[in-house]
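The values are calculated or read from the model by the stated rules, or taken from the named source; none is laboratory data. Since this is a predicted model, take the numbers as computed values, not measurements. Ideal geometry is used to build each Cβ from the backbone, glycine not excepted, and the neighbour counts take in all protein chains shown.
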Amino acid sequence: VRNPNFRARRAHVRGPATPAARAQGTSSLPLAERARPGPSGCHGVTFAMAKQGGHDKASARCARGRPIKQTTLGRIASHRIPARRLESGEEIVRPPAACGVVVTLATPAVDREARKMQTTVEDLPADVLACALRRLDGPSLAAASCATAGLRALAAEPETWRALCVARWPSLLQTQRRDILGSAAVSPQRLFADAFPFPSSSTDAASVTAADQCLPVELISAVDVYHKGAPLFSRVVETSTSSSWFLTSPFRVDAVECKDPVPAASFSPSDLELSWIVVDPRSGRAVNVSSRRAVAVDRHWYTGETLVRFAVVLGGSKFEGTVTCSEEAGYLREVSLTVEDAENAAVSGEGSLRLLAAAMEGPRKGGEKEREEAKRRYEEFVRSKRGRKESKARREVLVDLCCSAVGAVAVLSFLASVVLR
């Protein structure tokens, strides 16, 4: 039945009603069928019959699949519901001689009233919601902001994102030289969205034009070293990139230098984690060029110190953060960031800036699996680099053999010419 204004027609449902039908087991009896929709286009009602305890069970459902009302029927006689306007929630009763059928109609007006009585999370006071949102982590807060417009407005509070950034990266609290989050160009929400996920490995330096204004003129590095999730070392490093010396020299940024080691409590090198966020203060964009977890733990061939490597592969080049530490002495001797290409050659400052600018503007990838994916890409990069090195060595051996053969032929020719003279 469609409501409000409709014209009834005849439908058929199964159920014993006549002696002939009982002899056959079933019969078809007319019942009010769906009717033409009224001006408001209300939802329809679907009827179904089922056996229950020797009687026929009639059920009605609206177009959304919600049950409206069920009435156990005895013998049903034919009847029609006259065409007239039905009110919201009105019961239509047209009892035949034997028994009657009662159907409760559900209309959108009833649904609207039911929805008004329901309580949602947005019915809470704004200050209570804001307090609850401040207790979420970054991914959960971002997901909550996508639910409704009201939650999005509350989740966009800058102080909430600032607290999240400071809690995750303590280096942002160091404001001796410059407050990164206090800059007008750097938004806490944008910084978290840029630095929390991993940059896409498909970043290509060719996507950045050769114009000088596309390259950062200054870089700010927020470096944090963790041990089993607890902060162990934090520092902010500012690097000027406008000089010709930086653009032509191999890219390298030192957060801790060898001459000034940092003492640290007892730790295990394999449990160290590194976050290296590179921020462009002019554009306000940032990128995290660390794999968070170590991709390799080695020993220095000469000093015997432990080298913990954190790397991401961007545009065919490797951004590698190295933490050099001594377990016995209990200090961090060196924390640095370098860039190498597939040929094991250091990338210049200009080439590194192009890669960083492309990574800042490129897509991001999130999820815990990206940590393992970063390690897998690093291992593939190392294998590819080792394969190129071996292929180059074989080519050099062939070239040496060819040169030796040519030299031997030249000497033999000279001796033959002397002897035959």
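Applying the set (1) assigned to a helix (DSSP H, G or I); (2) in contact with a Ser or Thr (Cβ under 8 Å, 6 or more places away or on another chain); (3) at pLDDT 90 or above to Arg371 leaves exactly one unmet item: (3). Note on segment 365-420: among residues that are of a type in the set (Asp, Glu) and within 30 Å of Leu274 (Cα to Cα), the one that is surrounded by the most Cβ atoms within 10 Å (Cβ to Cβ) is Glu370. Here the condition is being surrounded by 12 or more Cβ atoms within 10 Å (Cβ to Cβ) and modelled with pLDDT under 90; of Arg134, Arg177, Arg190, it holds for Arg134 alone. In this structure, Val297 does not satisfy being surrounded by 17 or more Cβ atoms within 10 Å (Cβ to Cβ) and hydrophobic (A, V, I, L, M, F, W, C).
Of the residues making up segment 326-355, those that are touching a helix residue (DSSP H, G or I) at 6+ places or on another chain (Cβ under 7 Å) and modelled with pLDDT under 90 number 4. Looking at Thr160, Thr119, just one residue is in contact with a Lys or Arg (Cβ under 6 Å, 6 or more places away or on another chain) and either outside any helix (DSSP H, G or I) or closer than 27 Å to Val287 by Cα (or both), and that residue is Thr160.
For segment 336-364, filtering for residues that are basic (Lys, Arg) and surrounded by fewer than 18 Cβ atoms within 10 Å (Cβ to Cβ) leaves 1. Just checking, does segment 229-249 include any residue being of a type in the set (Val, Ile, Thr), at pLDDT 90 or above and assigned to a loop (DSSP other than H, G, I, E, B)? Looking through segment 229-249, at least one residue is of a type in the set (Val, Ile, Thr), at pLDDT 90 or above and assigned to a loop (DSSP other than H, G, I, E, B).
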